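J.: Take a look at this one; I'll ask things after.
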Amino acid sequence: MKLPKHTQVTQFTSPLGQMLLAACNKQLVGIWFEGQAHLPDLSACAPDAGQPVLHQAKLQLQDYFAGQRQQFDLPLNLTTGTAFQQAVWQALLDIPFGATCSYGQLASRIGQPSAVRAVGAAVGRNPLTIIVPCHRVIGAKGSLTGYAGGLDRKTALLQLEGVL
């Protein structure tokens with residue numbers, strides 16, 4: 001994943017560990033747990049110099065973790081992925097709070113029912129964890145499989161949302 005030029009980053013301390021937030025041109029381009037899989041190189045990014053969206057994201061994440069927010073209202077930039085990844089990430093936004101979806105169901109929703117593995121790979125590379133709710137995607141038989149931030153965090157997020 002290549003982040004846009006002039007991306008600014010900040011940190012957020014969540015109940016599940018330190019998070020990194022990135023924004024560019026008043027849009028959120030990334031949220032990752034420190035050390036998670038597929039974390040891009042952020043060394044070329046500038047520290048936050050007052051991006052309002054980063055402040056808004058922190059406030060909304062605080063509300064989410066406090067059980068006071070079920071939907072996020074932030075301007076997102078999903079263009080860091082391929083067209084296929086973007087379609088998957090967009091479909092993730094349609095999975096409501098407190099619900100889950102299997103990888104196969106997600107593949108069908110984007111009109112690619114035979115692309116379950118590719119959908120799984122795209123879900124794993126979601127650059128906006130929690131905001132684009134990849135943690136709501138589960139295995140076909142309800143198993144908790146795959147989460148770039150770790151299965152312990154996926155479990156905690158689904159418990160927070162009342163799924164588990």
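J.: Would it be correct to say that Ile138 is β-branched (Val, Ile, Thr), more than 28 Å from Cys24 (Cα to Cα) and open to solvent by less than 70 Å² (accessible area, probe 1.4 Å)?
T.: Against the criterion (β-branched (Val, Ile, Thr), more than 28 Å from Cys24 (Cα to Cα) and open to solvent by less than 70 Å² (accessible area, probe 1.4 Å)), Ile138 qualifies.
J.: Take Pro75 and decide whether it is farther than 30 Å from Ala118 by Cα, at pLDDT 95 or above and either touching a helix residue (DSSP H, G or I) at 6+ places or on another chain (Cβ under 8 Å) or of a type in the set (Asp, Glu) (or both). Explain how you work it out, then say what you get.
T.: Values: farther than 30 Å from Ala118 by Cα: no; at pLDDT 95 or above: yes; either touching a helix residue (DSSP H, G or I) at 6+ places or on another chain (Cβ under 8 Å) or of a type in the set (Asp, Glu) (or both): yes.
No: the conditions fail for Pro75.
Results for (1) closer than 27 Å to Arg69 by Cβ; (2) within 14 Å of the chain's Cα centre (by Cα); (3) in contact (Cβ under 8 Å) with a residue 24 or more places away in the chain, shown as yes or no for each residue.
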residue	(1), (2), (3)
Ala91	yes, yes, no
Arg109	yes, no, no
Arg117	no, no, no
Asn126	yes, yes, yes
Ile131	yes, yes, yes
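J.: Still on this structure: When you scan the range 1-21, how many residues do you find that are of a type in the set (Gly, Ala, Ser) and touching a residue at least 60 places away in the same chain (Cβ under 8 Å)?
T.: 1
J.: Regarding Gln105, is this residue closer than 17 Å to Gly124 by Cα and either touching a residue at least 24 places away in the same chain (Cβ under 8 Å) or out of contact with any Lys or Arg (no Cβ under 7 Å at 6 or more places or on another chain) (or both)? Break it down into steps so the answer makes sense when it comes.
T.: Working: closer than 17 Å to Gly124 by Cα: yes; either touching a residue at least 24 places away in the same chain (Cβ under 8 Å) or out of contact with any Lys or Arg (no Cβ under 7 Å at 6 or more places or on another chain) (or both): yes.
Here the answer is yes, as Gln105 does meet what is asked.
J.: Scan the range 111-121 for residues that are over 16 Å from Gly150 (Cα atoms) and open to solvent by less than 40 Å² (accessible area, probe 1.4 Å) and jot them down.
T.: Filtering the range 111-121 down to residues over 16 Å from Gly150 (Cα atoms) leaves 111-119.
Answer for the range 111-121, where residues must be over 16 Å from Gly150 (Cα atoms) and open to solvent by less than 40 Å² (accessible area, probe 1.4 Å): Ala115, Val119.
J.: Find the strands (runs of 3 or more DSSP E) located wholly in the range 1-105 whose residues include 1 or more that are farther than 26 Å from Ala140 by Cβ and open to solvent by 70 Å² or more (accessible area, probe 1.4 Å), and list them.
T.: Once the strands (runs of 3 or more DSSP E) in the range 1-105 are filtered for at least 1 residues that are farther than 26 Å from Ala140 by Cβ and open to solvent by 70 Å² or more (accessible area, probe 1.4 Å), what remains is 8-14.
The values are calculated or read from the model by the stated rules, or taken from the named source; none is laboratory data. Predicted, not measured: the structure shown is a model, and the values here were computed from it. Neighbour counts are summed over all protein chains in view; Cβ atoms, including those assigned to glycine, are modelled from backbone coordinates with ideal geometry. Each accessible area value is taken on the protein alone, full model and side chains, heavy atoms only, with ligands, DNA and RNA left out. Shrake-Rupley method; radii C 1.70, N 1.55, O 1.52, S 1.80 Å.
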